[in-house]
Every structure is written in structure tokens, then in C-alpha cells.
Amino acid sequence: MKPAETGKMPPRQPLHQRLRGLLQAAVATFALVAASTALPQTAAAEFPEKPVTLVVWSGAGGALDTYGRKLAELLEKESGWTVKIDNRPGGSGAVGLSQIVTQPADGYSILVLTGTLTFGIAQGLIPFKLDDLRLLRAMQSEPSSLAVLKDSPFQNVQDFVDHMKANPNGLKVGGHSSGGFHQYMLYQMMKQGGFESGWIPHDASGKVTLGLLGQHIDAAMMTPSTGLSQVKSGEIRLLGVTTEERSPFLPDAPTFKEQGFDIEGAIWRGIAVKAGTPDEVVASIQTAIDKVTASEDWKKFQEEQFQDSPNWTEAEFTERTKKDLEEQREFLQSAGLIN
């Protein structure tokens, strides 16, 4: 007779078999939950998971600081980052760079720097090497210019040169940083014009404008955006600009070349991180920068600030910067400024 017909229940499984079955069911459930949550967990681990700091190696108020703050604004707007600005002026950029190399190589500290990097390294003013950084992106490029106040008696570069030849060191001339791009441009003018001039360095480009407006200096070698509103209003007059041809941003400002001086050059601004920062973190930063440079806000900002957009990515940026360093070392050696 069958068990059902007798009214008896089937025999129960042994305890160890029942426990094994429960364990197998639990493992299967855990695997299913883990599989269903794996993708969100990976996404949550993507860079950045906390605020990012842009370390601007100049003081507040200058052209580099203006660029850094706009970059921070658009990284938040376009990529949803939380970004802090940390101004670290001094030492021709050495103070800001030191802040980067003493932090972990995790991408959470990003250096906002300029092309004076190579001048500082070449002269030993910056006690670091290019290899201490990963140069991620050059985003702006701008020439230098010889600037005076609107009521200056000098109407062109030759007027300035003639006065300096007749009065060696007769004017107070200054600009951003010691031994950097702008002083190099002045040096070129001195060699070609046959005059001597001192140099009054400023640790932030915004202070150059204040020095000129306050007549603490008589002339400045500076990027036009350093005194952007005063240049636009005519309060500051540009006697010469270091572009090959007249800039579309400055159609009324003559080049040095058209005035008989073979002087040309531009300064870049960009970002870098500490060497050793992982590739996947760098890729996340580059993606965020792509969103910034594609935005209409960025394009408008560049036009308003009279900035060209080189947009060199890591490989090209690094190659160009290494070449700049070699050329500047050769120049400084030939000029007897370094051994």
C-alpha cells in the first residue's frame, strides 16, 4: 500500500542534508544579488569620489587664476565634479609644484600652470623635473606684449628702445615671475635693440597690472589678458605683441615683427598631475576636460579673454614641453645665464 493510502508522512531528510540545501540556496541568492549590483558598484568607484583641488601656482587675480577658476566652474557644471581652488604663488611656480608632488598620485590634486615651467626648471628656480609630472592638457596660448599707460610718451617699440639706449636702466620694467617667459621676451628685445634694462618680478600677473596702473613700474612685459579690461578700454596701450601676425583679438596692436624686431612667442596655460597617477584616473580627467572645451561657455570665455586654444593632449603637450626645455637651456647657456 502507498504511504498516502496509509495516512503516514514521508520520512524527513537527515539534518545535514537539509542544512546543505539551505546553504546552497543562500549561496545562489548571494550570487544573484552580487551580479545585479556589480555594475552600480563599479560606477560608484569611478573618479572622482570626493572633491578635486586645482592648485593654481600663482596668486589670485591674474590671468592664470582666471583660467583656473573658469576651469573649476565648468568642471562642476559640465562633469558634476566638486572643485576647490588653492592658490600657491611663489618660487616661479616651485611652491605650487611642491604642493602637487607631496600629495598622493591619485588625481585629486591637479596643478594649474604655465609655460614658465621650463624656464624655471632650466634656471634651477624650480627644483623638480618634467618627469615629476604628467602634463595632461594645454588649454590656452597667449603672446607677451610691451605695455605702457595710455599717457606714456612712447607710441611704439622703437620709442621705448631709443629711450632705453639713451638712458640705460632708465625705466622700471617688470612682469610676472623671475626668469620666465616675459623676461625672456624682454631679453630678446634688449639684444636686438642694444639697450640694458632691469626687471621687477611679480608673483601674480594681476599685480603687474596694479604696478603699471599705480606707476610703480613704467612698462610691463605681460600677456594682454593680464590687464584685459584696461587694454580693452585703452587705459593700457600695447606697443608691441609677440605674434607672427596681428592677432584677431588685438587688431590695433602692432607686432614686434612689423616694427623691425624679430621677436615671437607665446605662453601656454594648462594642467598637470603628479607622475604615477593611474591611467584610468587620467582618462577620467581628460574626458572631463573634453566636456569643458566642447562647451559654449568655454568657447565664449576664450574669445572674451583673447585666448587661442592649442588643446594639446598629453603626448603632444609632453613632447613640446621637453623641446622647449632643451631650447631654453641652450639659450640660457649661450647667454651665460647658466653653466
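The values are calculated or read from the model by the stated rules, or taken from the named source; none is laboratory data. Computed from a predicted structure; not experimentally measured. We place every Cβ from the backbone using ideal geometry, glycine too, and count neighbours over all the protein chains shown. With ligands, DNA and RNA removed, areas are computed over all heavy atoms of the protein, side chains included. Shrake-Rupley method; radii C 1.70, N 1.55, O 1.52, S 1.80 Å.
Computed quantities for the displayed model
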read-out	value
Contacts under 9 angstrom Cβ, first residue in the stretch 98-121 being at positive phi, partner open to solvent by less than 30 Å² (accessible area, probe 1.4 Å) and not in a loop (DSSP other than H, G, I, E, B), 6 or more apart	Gly107/Val52; Gly107/Val273; Gly107/Val281; Gly107/Val282; Gly107/Ile285
In the stretch 91-115, the residues that are hydrophobic (A, V, I, L, M, F, W, C) and within 16 Å of the chain's Cα centre (by Cα)	Ala94, Val95, Leu97, Ile100, Val101, Ile110, Leu111, Val112, Leu113
Near pairs, Cβ below 8 angstrom, 6+ apart or cross-chain, from the stretch 261-289 (more than 22 Å from Leu97 (Cβ to Cβ) and hydroxyl-bearing (Ser, Thr, Tyr)) to any residue that is in a helix (DSSP H, G or I) and open to solvent by less than 40 Å² (accessible area, probe 1.4 Å)	Thr287/Ser79
Residue list for the stretch 258-273, restricted to those being of a type outside the set (Asp, Glu) and open to solvent by 60 Å² or more (accessible area, probe 1.4 Å)	Gly260
Hits in the stretch 274-300 - residues which are open to solvent by 40 Å² or more (accessible area, probe 1.4 Å), under 19 Å from Asp132 (Cα atoms) and part of a helix (DSSP H, G or I)	Asp279, Glu280, Ala283
Enumerated strands (runs of 3 or more DSSP E) restricted to the stretch 92-182, each holding at least 2 residues that are among the aromatic types (Phe, Trp, Tyr) and either open to solvent by 10 Å² or more (accessible area, probe 1.4 Å) or within 16 Å of Val56 (Cβ to Cβ) (or both)	none
Top-ranked residue in the stretch 303-332 [being in a helix (DSSP H, G or I) and hydroxyl-bearing (Ser, Thr, Tyr); ranked as farthest from Phe249 (Cα to Cα)]	Thr318
Residues being without any contact (Cβ under 8 Å) to a residue 40 or more places away in the chain and aliphatic (A, V, I, L, M) - total across the stretch 126-144	1
Glu46 being over 30 Å from Thr223 (Cα atoms), modelled with pLDDT under 50 and either open to solvent by 80 Å² or more (accessible area, probe 1.4 Å) or touching a Lys or Arg at 6+ places or on another chain (Cβ under 6 Å) (or both)	no
In the stretch 56-91, residue most open to solvent (accessible area, probe 1.4 Å) [restricted to those that are touching a helix residue (DSSP H, G or I) at 6+ places or on another chain (Cβ under 6 Å), within 22 Å of Leu228 (Cα to Cα) and assigned to a loop (DSSP other than H, G, I, E, B)]	Gly61
